[in-house]
Amino acid sequence: MSPLVMLTVLIAALLHASWNFLIKQEQDKHISMTAVVLGHVPFGLAAFIFSPLPQIESLPYVVIGALLHTGYQLFLLYSYRIGDLSQVYPLARGVAPLVVTGVSVAFLGVTLGRMAMVSIVIICTGIMSLVLVRRSNGLRNHRAAILSIVTGGFIAAYSLMDGMGARVAETSLGFYGSLSLLNTLFFTSVMHLIRPGVVKDVFCNHHRLAVAGGGASFSAYALVIWAFTIAPIPMVTALRETSIVFALLLGVIVLKERLDLVKVVATLATIVGAGLMRFNF
């Protein structure tokens with residue numbers, strides 16, 4: 001992986017953690033997530049000014065990717081309603097490299113060396129130990145852990161789908177612009193059913209959150225999709241998950257979430273595993 005791609009993915013990691021922090025900080029998670037998703041719209045439309053339209057062959061990837069992003073956003077929303085940022089975010093992001101690697105080996109012809117397998121074991125150890133994390137009140141939070149793992153499955157699925165789709169589309173920005181607009185349509189439709197009035201509330205009262213959160217979210221993943229077209233998807237996915245460092249710091253320092261030894265060890269293990277993984281493809 002070239003230094004430019006590495007720097008780009010690390011910037012995306014910081015942006016990922018930042019918009020997750022904004023969502024967790026808001027009291028009403030339905031409003032904050034809806035604001036972030038709606039905030040994609042101006043950036044998605046602007047993408048067509050600076051990028052050509054994706055190839056028609058990429059349309060199935062756009063549709064399936066938009067559905068997967070919607071599932072991810074819904075599960076992340078409910079994870080944040082019951083869990084700490086410094087638990088939910090590392091666990092959700094830590095699952096993704098494992099699934100991406102497994103699918104890549106089983107179906108995409110990727111061969112792993114011994115050190116790569118060691119890195120996977122390290123990440124697994126970190127993820128499983130996060131199930132033991134306690135909430136701020138000292139109680140265990142297994143529900144948040146389960147929801148976070150499912151969220152990680154969605155991250156892995158859309159990462160693979162989007163990486164392959166952007167290559168077929170022959171334009172990473174045009175591909176993600178199309179996907180983000182369709183994702184917004186899907187997500188706001190679901191929100192209209194489960195929380196009527198939320199979309200209107202965001203339009204009327206939460207412009208700043210939409211612009212800040214939506215801009216960070218769109219920019220972060222646009223950079224990642226570009227990296228997917230340059231470097232192997234598992235490598236980019238693993239490096240992107242260093243965002244858990246930023247999420248842990250934001251959760252503990254700004255949100256005053258509980259910091260215990262389990263969180264520290266689990267997060268460090270996931271970081272080390274992700275770091276080792278990117279040298280093994």
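By the count of other C-beta atoms within 10 Å, a proxy for reagent exposure, V37, V199 are ordered fewest to most as V199, V37.
Let a ≥ b ≥ c be the square roots of the eigenvalues of the Cα gyration tensor of region 1-118; is it rounded (a/c under 1.5), or, if not, prolate (a/b larger than b/c) or oblate? It comes out oblate by the Cα gyration axes.
Taking 0.36 nm per residue of separation and subtracting the Cα-Cα distance, full extension of the segment from L259 to I11 would add 86.8 nm.
Simple rule: put +1 on each Lys or Arg Cβ and -1 on each Asp or Glu Cβ in region 3-277, find the dipole, and look at S217, G197, M6; the Cα lying farthest toward the positive end is G197. Each residue, I230 and E57, gets one label point 7 Å from its Cα in the Cβ direction; the gap between the two is 2.4 nm. The residues T267, T184, T151, when put in order of fewest to most other Cβ atoms within 10 Å, stand as T184, T267, T151.
One chain, two ends: M115 and L249. Fully extended at 0.36 nm per residue, the span grows by 45.4 nm beyond their Cα-Cα distance.
Set the Förster distance to 35 Å, then compute FRET efficiency between L193 and V168 from the Cβ-Cβ distance, nearest 0.05. E(calc), rounded to 0.05, equals 0.65. If a/c stays under 1.5 just call it rounded; otherwise compare a/b with b/c (prolate if a/b is bigger, oblate if not). Do that for the chain, with a ≥ b ≥ c from the square roots of the Cα gyration tensor eigenvalues. Because a/c hits 1.5 or more and a/b fails to exceed b/c, the chain counts as oblate.
Taking other C-beta atoms within 10 angstrom as a stand-in for reagent exposure, W226, W19 fall in the order W226, W19, fewest first. Put simply, when 162-168, 102-108 are sorted by average Cβ atoms within 10 angstrom per residue, most first, you get 162-168, 102-108.
Each of L4 and N205 was given a label point 7 Å from its Cα along the Cα-to-Cβ line. The distance between the two points is 4.6 nm. Other residues lying with their Cβ under 14 Å from the Cβ of Y61 contribute a combined charge of -2, Lys and Arg counting +1, Asp and Glu -1.
FYI, it's all coordinate maths here, none of it is from the lab. None of these values were measured; they are calculated from a predicted model. Here Cβ is always computed from backbone atoms with ideal geometry, including for glycine, and neighbour counts include all displayed protein chains.
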